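No lab work stands behind these numbers, since they all come straight from the coordinates. Just so you know, these numbers come straight off a predicted model, no measurement behind them. For neighbour counting, all protein chains shown are included, and Cβ atoms are generated from backbone atoms with ideal geometry for every residue, glycine included.
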Amino acid sequence: EAMGFMEMEKIIDVRKEPELEQMLKENDWVQIDLDDEGERLYSYIPRHENIIDRASLLSRIEAQTNGGIPITELEDCYDGVIDDIEDCIVSGQVIAIQHGTNHSISLFARGDNYLVQLQAKASDTFEIMEEDDSTIILQTTESCLPDLRRGDALRVGQRWYRVSSRVNKSKNQPMRAKRPLSVSSNADMHSANVYCDPFDNTQISLQAASMNDDDIQHNISANTFLTRHGISNDIRSLWLETAAAVPTDRIDLQNRLAEVRRSGNTTTNSGATKKRPHIETRWLGADAAREKAQAANEPKKRRINNTRYLRLTNTHLIGTDIGNAIVGSDDRTKHLVSQKVTSTSSKKI
């Protein structure tokens with residue numbers, strides 16, 4: 001069983017254990033200092049020394065661009081880091097993904113949130129299930145069943161909760177009843193779950209990572225707004241019903257879109273042909289319309305290109321006597337003048 005340095009100090013005298021002392025000296029995560037009397041002091045170096053509180057924890061996760069950060073690397077950063085991680089997962093401030101092989105959990109930055117306010121509101125009537133329990137039963141003005149499922153995240157005022165998915169009153173829940181890592185779901189949880197906390201048209205059971213009476217009384221009052229992550233379940237269901245018809249392969253999707261473009265998509269579901277919408281022209285006024293008509297009737301002016309200096313490569317001679325002589329001379333004269341100008345220029349250089 002692993003033990004901390006405080007427990008080791010009470011049980012083991014490192015000076016009497018040379019093998020243990022050698023292991024501590026060779027450990028890269030152990031820092032050795034000397035006190036005033038020259039005795040060695042051993043201290044653990046966290047993997048992420050800059051993480052000292054919740055703000056620095058979130059900053060470090062947001063700065064991670066190459067994959068996520070495993071929770072096992074963050075467990076020893078500071079006292080209370082596990083509670084902060086749990087609260088960040090419950091509220092959806094970070095994205096938590098479980099590895100399929102070793103079942104380890106890594107944290108990723110969420111980025112911008114897409115939050116939707118529910119039509120239902122909370123009333124000021126609530127009930128704490130048990131003392132030192134993080135579950136409450138909240139009365140609502142309307143039913144939340146069309147908008148939420150068990151395990152989804154819900155913000156009441158400024159505090160985030162999860163819809164209770166407990167199947168018993170103990171803290172040890174089976175895997176099928178444990179709170180999901182995601183803040184929203186596409187389907188209900190396991191069909192074998194028989195929940196012990198109510199969730200119906202008038203009330204909803206909520207769980208938080210940690211809770212006290214002051215937080216509840218401060219955040220829950222009459223007509224408190226309820227907010228969730230992502231779109232409501234009815235719109236999400238419409239997307240899921242049509243998602244199967246969308247090709248998952250990129251090439252197949254491109255071919256399908258190209259086929260739709262070739263067909264023109266000119267028919268509606270009823271078979272009627274779609275008419276091209278009429279584009280209204282903007283009236284420019286009588287004077288502007290008259291000028292535009294006159295410009296259209298006038299013959300186009302022929303563009304005249306100045307070919308006088310097209311063959312002149314020594315452009316710095318344009319306008320000089322030598323340049324005029326080159327333009328007006330025949331091919332032989334131009335060749336001689338060009339050689340003369342070139343030799344004259346080289347002598348000057």
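Quick one: which residues, 5+ away or cross-chain, put their amide H under 5 Å from the amide H of M189? H built at 1.01 Å from N.
It is R150, by chain and number.
What full-extension length gain, to one decimal in nm, is calculated for K16 and L145 as 0.36 nm per residue of separation minus the Cα-Cα distance? Write out the running numbers ahead of the final one.
Working: separation 129, 0.36 × 129 = 46.44 nm, distance 6.50 nm.
Computed gain between K16 and L145 is 39.9 nm.
Between K292 and A243, take the C-beta separation as r, use R0 = 41 Å, and let me know the FRET efficiency to the nearest 0.05.
Details: r = 51 Å, r/R0 = 1.24.
Efficiency, from the Cβ-Cβ distance: 0.20.
Just subtract the alpha-carbon distance of E49 and D234 from 0.36 nm times their residue separation and send over the number in nm, one decimal.
Additional length available on full extension: 62.1 nm.
Go ahead and run the numbers for FRET between R176 and L34, Cβ-Cβ distance against an R0 of 41 Å, rounding to 0.05.
Using R0 = 41 Å, I get an efficiency of 0.15.
Return the sequence-ordered ³J(HN,Hα) values of the stretch 136-141 in whole Hz as given by the Karplus equation 6.51 cos²θ - 1.76 cosθ + 1.60 applied to θ = phi - 60°, using x for Gly and Pro.
So the Karplus estimates, Gly and Pro as x, are 10, 10, 10, 7, 10, 6 Hz.
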